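See structure below.
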Amino acid sequence: MKLDFSVVVDAWPKLISGTIGTINLAIAGMCIALVIGILGVAILRAQMRIPTLLVNAFIEIIRNTPFLVQIYFIFFALPLIGISLNPTATAIIALGLNGGAYAIEIIRGGVESISKGQTEAGLALGLHKHEVFFYIVLKPALRTIYPSLCSQFILLTLTTAICTSISAFELTYVGQRIEGETFRSFEVYFTLTMIYLVISFLTMGLLNAIGRWAFNYPQR
């Protein structure tokens, strides 16, 4: 077999566009996941029966079903009850929900590691429970679990490739289109592999830099 990477070079603008699409999906999914994670833990700490049951049910459903089934459900099943979303919106919501379930568990672990004495001290100072949670408990908890969150966000970034199954515009979708036009499978998917590696390393570097800035982590 004679390799011909000229097809990849010629399609480079398309690959760059697909890479940007992947990054956009990942960032949007991460933001939604983080919000869901924080709100989910806040609800669990409030210990209200029905909201707690709903959050726990959400976690179990998401963590025990494949992401592909989740995105198919949103894209193909919800229109049957009048909720129709385009591929990009579906991908963002599915990524956010999937990442959010795992973020809840990660953040909950960090929150539970914080000494109850800090919570009691905040309440003794007259702070509301919500203020104690966000200002006294959450920040040190995030510092503890930040590396785990980073790993989850890297995984979420790579999960965007599955979104090609509903034709969401991202890197793998573009790669499949190029491969279908050129029939150069090795060259195209080798290039995609390298691009995903670069995205992962750059994302990890950026998240590490944010960690050093926000939580005073030492330089690696």
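The values are calculated or read from the model by the stated rules, or taken from the named source; none is laboratory data. The structure displayed is predicted, hence computed values, not measured ones. Using ideal geometry, Cβ is built from the backbone for each residue, glycine included, and neighbour counts are taken over all protein chains shown.
Tell me which helices (runs of 4 or more DSSP H) are completely within the range 107-186 and hold 3 or more residues being under 23 Å from the mean Cα position of the chain (by Cα) and closer than 23 Å to Ile74 by Cβ, or say none if there are none. Before you say what the answer is, go through the steps one by one.
Numbers: elements: 116-124, 138-159, 171-182.
Those helices (runs of 4 or more DSSP H) span 138-159, 171-182.
Taking Phe58, is it surrounded by 15 or more Cβ atoms within 10 Å (Cβ to Cβ), in a helix (DSSP H, G or I), of a type in the set (Phe, Trp, Tyr) and touching a Pro at 6+ places or on another chain (Cβ under 8 Å)? Show your work before the answer.
Details: surrounded by 15 or more Cβ atoms within 10 Å (Cβ to Cβ): yes; in a helix (DSSP H, G or I): yes; of a type in the set (Phe, Trp, Tyr): yes; touching a Pro at 6+ places or on another chain (Cβ under 8 Å): no.
So Phe58 fails the test.
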Please verify whether Phe5 is touching a residue at least 40 places away in the same chain (Cβ under 8 Å) and either loosely packed, with under 13 Cβ neighbours inside 10 Å or closer than 26 Å to Arg184 by Cα (or both), treating the condition exactly as stated. yes
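One line per residue, one yes/no per condition, for (1) touching a residue at least 24 places away in the same chain (Cβ under 8 Å); (2) buried (at least 19 other Cβ atoms within 10 Å of the Cβ); (3) touching a helix residue (DSSP H, G or I) at 6+ places or on another chain (Cβ under 8 Å); (4) farther than 18 Å from Gly21 by Cα:
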{"residue": "Tyr135", "(1), (2), (3), (4)": "no, no, yes, yes"}
{"residue": "Lys139", "(1), (2), (3), (4)": "no, no, no, yes"}
{"residue": "Leu155", "(1), (2), (3), (4)": "no, no, no, no"}
{"residue": "Cys163", "(1), (2), (3), (4)": "yes, yes, yes, no"}
{"residue": "Ile166", "(1), (2), (3), (4)": "yes, yes, yes, no"}
{"residue": "Ile199", "(1), (2), (3), (4)": "yes, yes, yes, no"}
Which condition number in (1) over 24 Å from Leu68 (Cα atoms); (2) outside any helix (DSSP H, G or I); (3) among the small types (Gly, Ala, Ser) is the one that Gly211 fails? (2)
Could you grab the pairs with beta carbons closer than 7 Å, sequence gap of 6+ or different chains, first residue in the range 176-194 and within 14 Å of Val9 (Cα to Cα), second one surrounded by fewer than 15 Cβ atoms within 10 Å (Cβ to Cβ) and of a type in the set (Asp, Glu)? Arg184/Asp4; Glu187/Asp4
Within the range 186-197, track down each residue that is exposed (fewer than 12 other Cβ atoms within 10 Å of the Cβ) and touching a helix residue (DSSP H, G or I) at 6+ places or on another chain (Cβ under 6 Å). none
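Which one is modelled with the highest pLDDT among residues in the range 41-71 that are small (Gly, Ala, Ser) and under 22 Å from Thr119 (Cα atoms)?
Within the range 41-71, the subset small (Gly, Ala, Ser) is 42, 46, 57.
Going one step further and asking which of them are under 22 Å from Thr119 (Cα atoms), we end up with 42, 46.
Details: Ala42: 89, Ala46: 82.
Checked the range 41-71; the qualifying residue modelled with the highest pLDDT is Ala42.
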Kindly list the number of the only condition in (1) assigned to a helix (DSSP H, G or I); (2) under 24 Å from the mean Cα position of the chain (by Cα) that fails for Phe190. (2)
Here is a list: Ile74, Ile38. Which entry is crowded, with 17+ Cβ neighbours inside 10 Å and either of a type in the set (Ser, Thr, Tyr) or at pLDDT below 95 (or both)? Ile38
Checking Leu123 against (1) out of contact with any Gly (no Cβ under 9 Å at 6 or more places or on another chain); (2) at pLDDT 90 or above, only one condition comes out false. Which one? (2)
Thr90 meets each of (1) in contact with a helix residue (DSSP H, G or I) (Cβ under 8 Å, 6 or more places away or on another chain); (2) in a loop (DSSP other than H, G, I, E, B) with one exception, condition (2)
Can you tell me which residues in the range 80-92 are at pLDDT 95 or above and either under 10 Å from the mean Cα position of the chain (by Cα) or not aliphatic (A, V, I, L, M) (or both)? Asn86, Pro87, Thr88, Thr90, Ile92
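Are any of the residues in the range 14-25 modelled with pLDDT under 95 and surrounded by 16 or more Cβ atoms within 10 Å (Cβ to Cβ)? Even if it seems obvious, please write down each step before you answer.
Our first condition is that a residue be modelled with pLDDT under 95; within the range 14-25, this holds for none.
No.
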